[in-house]
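For reference, the structure is listed below as structure tokens.
Please treat every number below as a calculation from the coordinates, not as lab data. No experiment lies behind these values; they were computed from the predicted model shown. Quick reminder, even Gly has a Cβ in these numbers, built from the backbone with ideal geometry, and neighbours come from all protein chains shown.
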Amino acid sequence: MKRERHPMPDFIREALAAKKLTAAYDARPPYQRNDYIGWITRAKLPETQQKRLDQMLDELANGDAYMKMAYRAKDQNN
């Protein structure tokens with residue numbers, strides 16, 4: 001089964017740029033980037049959408065979580 005591909009909305013792109021997290025976002029695997037966008041944009045209420053966006057930004061800033069699960073980037077040298 002293939003996942004639906006979600007286009008990057010401007011408000012997410014702008015939030016990543018404002019927090020200087022675009023590189024951290026781009027470093028994540030494609031499935032994570034796509035999941036984040038789908039999860040954020042499926043929120044029905046603006047408050048929920050903002051809460052999810054804030055969670056993504058926090059997880060990217062800390063670099064140790066993905067959807068509240070432990071995450072460790074693969075070593076690029078291996």
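If you filter the range 39-78 down to residues that are more than 19 Å from Arg13 (Cβ to Cβ) and among the acidic types (Asp, Glu), you find that the one that is surrounded by the fewest Cβ atoms within 10 Å (Cβ to Cβ) is Asp75. The residue that is farthest from the chain's Cα centre (by Cα), counting only those in the range 1-41 that are closer than 14 Å to Leu60 by Cα and of a type in the set (Phe, Trp, Tyr), is Tyr25. Restricting attention to the range 1-28, the residues that are surrounded by fewer than 15 Cβ atoms within 10 Å (Cβ to Cβ), among the hydroxyl-bearing types (Ser, Thr, Tyr) and in contact (Cβ under 8 Å) with a residue 12 or more places away in the chain add up to 0.
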